[in-house]
Structures are given as C-alpha cells and as structure tokens.
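The values are calculated or read from the model by the stated rules, or taken from the named source; none is laboratory data. In this text the structure is predicted, and so the values were computed from the model without any measurement. Cβ: placed from backbone, ideal geometry, glycine included. Neighbour counts: every protein chain shown.
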Amino acid sequence: MESGFSSSSMGFMENVEQPHVLAVDDSDIDRKLIEKLLKNFSCKVTTAENGARALEFLGLGDHPNHCNISKVNLVITDYCMPGMTGYELLKKIKESSVMKEVPVVIMSSENIPNRISKCLEEGAQMFMLKPIKQSDIKQLRCHLMNCRS
Amino acid sequence: MALPGLKQQLQHLIESMVNEGILVEQQFAQVQELKTSDNPNFVSQILNDFCDGAETSITNLNKFLGEEQVEFDKLDTSIHLLKGSSSSIGAYQMRLATVDLVKAVDEKDKERSLEALKKVTHEYLRIQYKLQTIIQLENKMYDIESKPLLHDGNCAAGPSYTKDI
C-alpha cells in the first residue's frame, strides 16, 4: 500500500465504537468492496456513487442542511470519478466551515506522486492505493484512532 | 455433492486460474475473505456485478468506437470502470489488456483501440466462463449451508462461514 499521512492528529475517531464512514466511488464493485471492508472493521457505512451525492449527504449540496454533520466520522473517496473528482470533493469539504474537520481519505488505482502530494496538501488525511486490502483498512482505523503499536 | 467436495472443486478451479495466469491469487483471496456469516453470498454477488459491469462497459466501448468520428473522451468512464473492476477482483490478463486500451485511446488511435478492445473482450470471456463456475459452486455451497441438518449429516445446521475481525 502506498500511503501518505498528514501530520495533524485527528481526534475525530477516538472513542467512536462504530465510526460512520461515507464511502464515495463511481464503481459498483469498488463501492461494495470498500463497504464490506469497512463493515468488517465495525464501521457503519453510507455509500455514494459520485461527489454530488456525497455533498448532498453531508449537507453541503445545492440545498444545504446540517442534518448529517455530526453523523459522519470519515469520508473515503475514489480520486477518479466523472463529474467531480475526489480531489474536488476533498476541496469542497475542506472549504466548508462545518465539515472541514472531518478526515478525508483518497483512494486511487494510480500511484502518481504529484497526485498524492496535491491531495495531502489540500488536507487529505491519507492516500491509499487501490485495490484496497484488509490491512489498509486496519491501518486506517489505527491511524485515525491514534493507535500506538 | 457434499460440501467438502464442492470446496475442493472451488479450490482446484481457483488454483488452475492462478496457474493459467488469469487470476491474482492474493487479490481474489481478499474478496473471498470479505465473506461473512451474515453475507454468505458476497463472493457470488461481487462476481455477478463484475460480469454485468464488464459487459456493459464493453458494449458501450464498442458503440463509441464504432462511430465514424470517435469521441475519445466518451470512452474514459467505461475504460476506467473496466480497469478498476478487473484490478479489484484480480482479473490479471483482463487488466493488462485494459491498460493497452487506455494507451491506444490516449493516443486517439481508432484502429489500435479497436484491436485492444478485442483483446479486452477476449480476456473477459476467458475469465468470465470460469467466474460463472465459481458463482455456481458458491451458490451450491450456500444452498447446502443454509439448509437444516439432514439425517445423513451432510449439511451444516447453519452457515459455516464466520468471520470475526
């Protein structure tokens, strides 16, 4: 797994027994795989097939509402999606005053250093290379919950 | 056939696909390991989705590449889905063939793209046939495991797949 970590510690997932994760991917299969991976690690999962739907769920869409703010502990999104890329989704989340503290993890099938650093600079918590494995999710949970091994 | 026989058949089939070079063992194993007792159909669902998605993508690509003036931008989404899904389940040769298609489309080379798509289709059909067998075996195993215990002791009392992580 290729990953980059940002240095800020996130208290968001500490003490959360069943973190609620929003998983965004335009691929049906990858959505199902990531959902199962996360559920097997005790996460509650909502999936979205594109950035627009993800923003709607987060209450940042065209008709903003703040119903789902406190519910989402993590957003994990594919980078390459038609319409709005994962990077653009990341930016919109980080620009929002209410959602900017939510950690965002980017997934990509391509190992492009520029892409990785661009995402980390924009505030992504982690960058994960697809296909995602169980060990990646284990590491993700551990990192976001500040585990010390 | 009893459960152990089916499991063995499945194991042999996967081994043969790995030896043939069409399946990445590690990646496919990751998919299998996601199966849990509350979702024993998971592997067949994923493989069915894979086949449906691949066929849709290939159909779309044939349509777009069949046009007089090919709009290469329109091909991106379908190619991306093919490449991603074949990678996710470990369909090795299919993924390689998709990479060639990506290159041909990037260079806006219609002839090469059509050739590459033929190769992708060939690799898809090659693996699809065996994936369908995997699905059938998985379904048979599920049927047995979800049935109550028979007097000959062949069926489990309940699903035998448990995965507590």
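Checking each residue in the stretch B:73-126 for being among the hydroxyl-bearing types (Ser, Thr, Tyr), away from chain A (no Cβ under 11 Å) and surrounded by fewer than 22 Cβ atoms within 10 Å (Cβ to Cβ) picks out only B:THR121. Restricted to helices (runs of 4 or more DSSP H) entirely inside the stretch A:83-149, those with at least 1 residues that are more than 24 Å from B:GLN30 (Cα to Cα) and small (Gly, Ala, Ser) are A:86-95, A:113-121. Scanning the stretch A:113-135 for residues that are surrounded by fewer than 20 Cβ atoms within 10 Å (Cβ to Cβ) and within 14 Å of another protein chain (Cβ to nearest Cβ) returns A:LEU129, A:LYS133, A:GLN134, A:SER135.
Residues are listed down the side, and each one gets a yes or a no for (1) at pLDDT 95 or above; (2) of a type in the set (A, V, I, L, M):
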position: B:SER37; (1), (2): no, no
position: B:SER44; (1), (2): yes, no
position: B:LYS63; (1), (2): yes, no
position: B:LEU96; (1), (2): yes, yes
position: B:LEU101; (1), (2): yes, yes
position: B:LYS119; (1), (2): yes, no
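When every residue of the stretch B:53-72 is checked against the conditions, at least one turns out to be of a type outside the set (A, V, I, L, M), within 9 Å of chain A (Cβ to nearest Cβ), closer than 30 Å to B:LYS140 by Cβ and crowded, with 18+ Cβ neighbours inside 10 Å. When we screen B:GLN26, B:GLN45 for residues that are within 14 Å of chain A (Cβ to nearest Cβ), exposed (fewer than 14 other Cβ atoms within 10 Å of the Cβ) and among the polar types (S, T, N, Q), the only hit is B:GLN26. The single residue among B:PHE64, B:PHE42, B:PHE50 that is touching a Leu at 6+ places or on another chain (Cβ under 9 Å) and over 15 Å from B:ILE135 (Cα atoms) turns out to be B:PHE64.
Checking A:LEU60, A:LEU22 one by one, the residue that is more than 14 Å from every other protein chain (Cβ to nearest Cβ), touching a residue at least 40 places away in the same chain (Cβ under 8 Å) and closer than 18 Å to A:VAL102 by Cβ is A:LEU22 and no other.
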